[in-house]
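Notes follow the structure.
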Amino acid sequence: MKFVKNLIGFLTGVIVISSLFYLSRGGKLEDFKPYRSVEGRFSILLPGKPERELQQVDTSTGALEFIIYQAGSEKIGFVVGYVDYPQKMFENVDIKQMLDAARDGVVQKVNGKLEYEKALDFHGNTGIEIEIKVPKKATIKARVILIGNRLYNLMAVSESKRTLNKNCPKFFDSFKVDGMNE
């Protein structure tokens, strides 16, 4: 279990670092448009066409590929990422502990403070929504959802909580996974 918690924390931290980097790149926030990832089996509203990034992590159970899509501006960054874990990693694992590990990985990676957390039910799948304050840098709002053996991460990062509160609902609420009932 410790290996699983550490791995999930690490991979979630990768998303955070990617999203913080995106903020430094500048640009104006474009209008939100539908984006569909066939390989990721999801659709979501994003400002402009996202950049796709692949992070590969070697583990004792084999290489894991973490796919990240990023879009945004100098004021706010949006990231959608996912990783498929081997099914055997879920033997004797508590899903809530896995999600707690993802949360803890983000908080630790950015030296932040957990401001808010709530459990999510995404069409019968377990998830969490969190808000993290990164001192003197940014606020992060994220949703982490486990569907089968795939862990989805949705994250928005901004220096302005007002900007987050204005843009997060359309981002989070537009997330759809293929085959899930509306």
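Residue-wise test of (1) under 16 Å from the mean Cα position of the chain (by Cα); (2) surrounded by 14 or more Cβ atoms within 10 Å (Cβ to Cβ).
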{"site": "Phe90", "(1), (2)": "no, yes"}
{"site": "Asp94", "(1), (2)": "no, no"}
{"site": "Leu99", "(1), (2)": "yes, yes"}
{"site": "Lys109", "(1), (2)": "yes, yes"}
{"site": "Lys118", "(1), (2)": "yes, no"}
{"site": "Asn125", "(1), (2)": "yes, yes"}
{"site": "Lys141", "(1), (2)": "yes, yes"}
{"site": "Val144", "(1), (2)": "yes, yes"}
{"site": "Met155", "(1), (2)": "yes, yes"}
Checklist entry - Is there any pair with a first residue in region 130-145 that is over 20 Å from Asp100 (Cβ atoms) and a second that is hydroxyl-bearing (Ser, Thr, Tyr) whose Cβ atoms are under 8 Å apart and which are 6 or more apart or on different chains, and what are they? => result Ala138/Ser158; Thr139/Ser158; Thr139/Ser160
Item to check | Flag if Val57 is surrounded by 13 or more Cβ atoms within 10 Å (Cβ to Cβ) and either in a strand (DSSP E or B) or in contact with a Lys or Arg (Cβ under 6 Å, 6 or more places away or on another chain) (or both) | outcome: yes
Checklist entry - So which of Gly112, Gly127, Gly81 is under 20 Å from Cys168 (Cβ atoms), among the small types (Gly, Ala, Ser), touching a Leu at 6+ places or on another chain (Cβ under 6 Å) and at pLDDT below 95? => result Gly127
Checklist entry - Is it fair to say Met180 is among the aliphatic types (A, V, I, L, M), within 23 Å of Lys33 (Cβ to Cβ) and either modelled with pLDDT under 95 or surrounded by 22 or more Cβ atoms within 10 Å (Cβ to Cβ) (or both)? => result yes
Checklist entry - Asn167 passes all but one of (1) buried (at least 20 other Cβ atoms within 10 Å of the Cβ); (2) within 15 Å of the chain's Cα centre (by Cα); (3) modelled with pLDDT of 90 or more; (4) of a type in the set (S, T, N, Q); which number fails? => result (2)
Checklist entry - Residues in region 103-142 that are out of contact with any Cys (no Cβ under 9 Å at 6 or more places or on another chain), more than 20 Å from Val93 (Cα to Cα) and assigned to a strand (DSSP E or B): how many? => result 16
Next on the checklist: If I go through region 65-78 residue by residue, how many of them are closer than 15 Å to Glu39 by Cα and either surrounded by fewer than 19 Cβ atoms within 10 Å (Cβ to Cβ) or touching a Leu at 6+ places or on another chain (Cβ under 6 Å) (or both)?
Outcome noted: 3
Checklist entry - Yes or no: Leu45 assigned to a strand (DSSP E or B), over 14 Å from the mean Cα position of the chain (by Cα) and either polar (S, T, N, Q) or at pLDDT 90 or above (or both)? => result yes
Checklist entry - Quick one: which of Ile67, Ile76, Ile44 is of a type outside the set (Phe, Trp, Tyr) and more than 17 Å from Phe172 (Cβ to Cβ)? => result Ile67
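The values are calculated or read from the model by the stated rules, or taken from the named source; none is laboratory data. This one's a predicted model, so the numbers in the text were calculated from it and none came from an experiment. Because the Cβ atoms are built from the backbone with ideal geometry, glycine has one as well, and the counts that use them run over all protein chains shown.
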